[in-house]
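Notes for the one structure printed next.
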Amino acid sequence: MDDSATREFLLDGRILTAGSRRPVTDQLAVGDGRVVPVVSHGAPRVRLPPGTVAVPGFVDPHLHLAAMAAARLSVDLAGARSVADVLDRLDAKARRTRAGAWIRGRGYDPWRLAEGRSPTRTDLDRVARGHPVTIHDATGHEVVCNSTALSRLGLERPGCAPRGVELDAGRPTGRLYDADHLLKAVKRLPLDALDDAARAVSADLVRAGVTAVTDATHTNGSAAFDLLGRWRRAGLVRQRIEVMIGAEQLGAVVAGGARFGDTVSGLTVGHVKIVPEALVIDDLRQAVTRARRHGFPVAIHTLDIASLAEALEVLAQAPPPKLGRDRLEHVALALDEQVDLIARSGAYVVTQPALVHHRRELYRRELSAVERGWLYRAGSLLAAGVRVAASSDAPVVDVTPLETVRAAAERQPGERVTWDEALAMVTVAAGRVGAASAGTLTPGARADLVVLDREPGAGPANPAVLATVIDGQVVFDPEGCFAALGSLVAPA
Ligand SMILES: [Zn+2]
């Protein structure tokens with residue numbers, strides 16, 4: 001380790017600590033990578049430019065790092081307006097890819113496609129030129145394979161109809177749902193390319209002011225711990241990483257005795273992640289029971305009213321977790337009475353305010369005004385006493401915490417939150433819903449902070465991130481806010 005992390009400095013200016021005792025201060029002391037009560041005499045001083053504000057580093061409590069890296073190596077299908085548009089983009093890639101190599105695409109929104117349907121194997125076959133092709137929608141839950149891919153994955157054998165494969169008259173359409181278990185034979189991306197992509201993902205996060213993340217991938221097991229741990233230890237990813245464990249991978253991960261909140265290979269061990277519709281061995285109740293047996297709280301993926309009802313029923317009958325609190329991920333739709341049940345369950349909610357903005361076209365088209373009032377609640381949950389944090393769910397949407405803050409503060413009345421509450425959803429609350437504390441600048445906390453050119457809510461435009469500091473190390477500072485520290489600056 002270089003000596004910069006052990007150095008001290010004083011930060012003078014307007015500082016929002018997100019602490020309950022001193023939410024605003026005009027001076028912060030940093031030493032050994034943490035916020036400290038005092039620094040030694042003569043420690044360097046940094047004066048923030050007038051009008052700027054320092055806030056805790058942003059915490060994204062639910063994203064998918066490996067998928068973000070893989071997305072950078074895939075054909076970008078985001079924003080595609082039609083199946084034809086999807087095919088055009090794949091065609092361009094197929095023309096310049098060496099024969100037989102896999103082609104991956106990612107990021108289309110099925111609801112945005114003019115044909116009113118997702119692509120099928122037949123569509124993809126038209127542009128594949130003999131390549132196996134797999135494309136993921138923006139959420140990653142839907143995958144479409146062409147005929148070559150289906151046969152390489154063993155899904156063309158007569159009578160073969162595993163769970164997750166859509167059939168038409170007994171023949172696979174090419175569409176798979178929550179079917180990661182069927183995709184194991186997709187040729188892996190070359191490790192060096194994936195490493196470079198991870199470095200680029202982390203640099204984007206640094207520029208967005210993100211200093212800690214939680215990887216919420218429901219298939220995370222020992223292999224994910226190896227990959228993410230290597231990225232973190234090699235410095236490819238600068239952010240602190242908490243890793244959820246896939247419900248059905250739990251046994252293998254905890255075989256070595258790891259517990260919730262432990263540090264394993266430089267990563268924090270997080271919740272047990274459960275996507276009920278993707279469970280193969282267990283049902284939801286069994287998955288929660290198993291997590292409890294190992295002492296873990298759970299994070300349950302819930303998108304509709306019925307799945308939320310089931311999750312709440314299972315949680316109500318389970319003993320409370322020994323460590324931490326359970327989480328409900330997304331809660332895309334919740335009835336009024338379910339808001340009270342969530343409060344009673346003691347679970348935290350991790351919502352995605354920016355998605356409401358991203359999908360406003362879909363929601364306006366498919367949901368009534370009443371149903372739109374049930375979407376991605378925040379204000380009503382806070383009013384009921386539920387702790388609510390906000391995340392991107394990247395690569396579903398880009399990681400832009402300041403856009404998330406704005407989206408939360410500008411929701412329809414009822415679900416709208418104050419700018420302070422919105423900022424808390426990506427700082428202190430986002431830290432509290434995880435296993436490792438983060439998201440505050442109170443004494444003892446990690447010195448993770450962001451300098452903004454103005455406070456969120458001051459003016460129509462989002463604030464700009466001027467500088468990012470992780471563990472007391474300046475990792476992004478294009479404007480030279482921390483120039484007084486000289487060698488302390490370690491650019492990403
Ligand atoms: Zn997710």
Handout entry: 19 Å Cα-Cα reach of residue 184 towards aspartates and glutamates, excluding residues that sit fewer than 8 places from it in its own chain
Key = 137, 142, 156, 166, 226, 248, 277
Practice task
Would you list, by chain and number, the lysines whose Cα falls below 28 Å from the Cα of residue 322, excluding same-chain residues fewer than 8 positions away?
Solution key: 273
Handout entry: Cβ-derived FRET efficiency at R0 41 Å, residue 200 paired with residue 294, nearest 0.05
Key = 0.70
Fill in the blank from the handout: Distribution output for the chain: share of Cα-Cα pairs per 20 Å bin in percent, first bin at 0, values 23, 55, 21, 1
Exercise for the section: Would you mind working out the accessible area per residue for the chain, using a 1.4 Å probe, and quoting it in Å²? Expected result: 42
Handout entry: Separation in nanometres of the label points that stand 7 Å from Cα toward Cβ, at residue 27 and residue 129
Key = 6.6
Completion exercise
Taking protein heavy atoms only, a 1.4 Å probe, and rounding to whole percent, the accessible area of the chain owed to carbon and sulfur comes out at 51
Handout entry: For region 228-263 and region 333-397, distance of Cα centres in Å
Key = 28
Practice task
Report Rg(Cα)/(2.2 N^0.38 Å) for region 225-307, keeping two decimals.
Solution key: 1.17
Handout entry: Considering only the chain, percent of DSSP beta bridges that pair antiparallel, nearest 5
Key = 50
Handout entry: Cβ crowding within 10 Å averaged over residues, with 313-323, 458-468 ranked highest first
Key = 458-468, 313-323
Practice task
Show me 325-332, 58-65 ranked by packing, highest mean number of other Cβ atoms within 10 Å first.
Solution key: 58-65, 325-332
Fill in the blank from the handout: re region 321-434: pairs of Cα atoms spaced beyond 19 Å account for a percent value of 40
Practice task
Compute the relative contact order of the chain as a whole-number percentage, counting only Cα pairs closer than 8 Å that sit 6 or more residues apart in sequence.
Solution key: 19
Completion exercise
The answer for the net charge of residues other than residue 160 whose Cβ lies under 14 angstrom from its Cβ, with Lys and Arg +1 and Asp and Glu -1, is +2
Handout entry: Computed label-point distance, nm, for sites residue 85 and residue 420 using a 7 Å Cα→Cβ extension
Key = 4.2
Problem - Expected 222 nm ellipticity per residue - DSSP helices of 4 or more, -39500 (n - 2.57), all of the chain, to 500 - result: -8000 deg cm²/dmol
Exercise for the section: Send over the Kirkwood Rh of region 134-184, from the inverse of the averaged 1/r over different Cα pairs, rounded to one decimal Å. Expected result: 10.8
Practice task
For residue 187, go through the lysines and keep the ones whose alpha-carbon is under 23 Å away, minus same-chain ones fewer than eight residues off.
Solution key: 93
Exercise for the section: Show the residues, 5+ positions off or on another chain, whose built amide H is closer than 5 Å to the amide H of residue 175. Expected result: 121, 145, 166
Problem - Between region 91-132 and region 463-485, the alpha-carbon center distance in angstrom - result: 41
Handout entry: Contour excess over end-to-end distance, with Cα ends at residue 41 and residue 167 and 0.36 nm allotted per residue
Key = 38.1 nm
Completion exercise
With label points set 7 Å from each Cα along the Cα-to-Cβ direction at residue 101 and residue 255, the distance between them in nm comes to 3.5
Handout entry: Length released on extending from residue 454 to residue 483, taking residue separation times 0.36 nm less the Cα-Cα span
Key = 8.5 nm
Practice task
For region 340-399, just say rounded, prolate or oblate: build the C-alpha gyration tensor, square-root its eigenvalues into a ≥ b ≥ c, call rounded for a/c under 1.5, and beyond that prolate if a/b exceeds b/c, oblate if not.
Solution key: oblate
Problem - Volume per residue that the Cα convex hull of region 188-326 spans, once the total is divided by residue count, Å³ - result: 124
Problem - Packing-based ranking, highest mean first, of 36-44, 153-161, 197-205 given that Cβ atoms within 10 Å are counted - result: 197-205, 153-161, 36-44
Exercise for the section: Round to the nearest 0.05 the FRET efficiency obtained for residue 370 and residue 325 when R0 = 30 Å and r is the Cβ-Cβ distance. Expected result: 0.50
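The values are calculated or read from the model by the stated rules, or taken from the named source; none is laboratory data. What you are looking at is a predicted structure, and each value in this text was computed from that prediction instead of being measured. Reconstructed Cβ throughout: ideal geometry from the backbone, glycine too, with neighbour counts over all protein chains shown. Heads up: the accessible areas ignore ligands, DNA and RNA and are worked out on the full protein's heavy atoms, side chains in. Shrake-Rupley method; radii C 1.70, N 1.55, O 1.52, S 1.80 Å.
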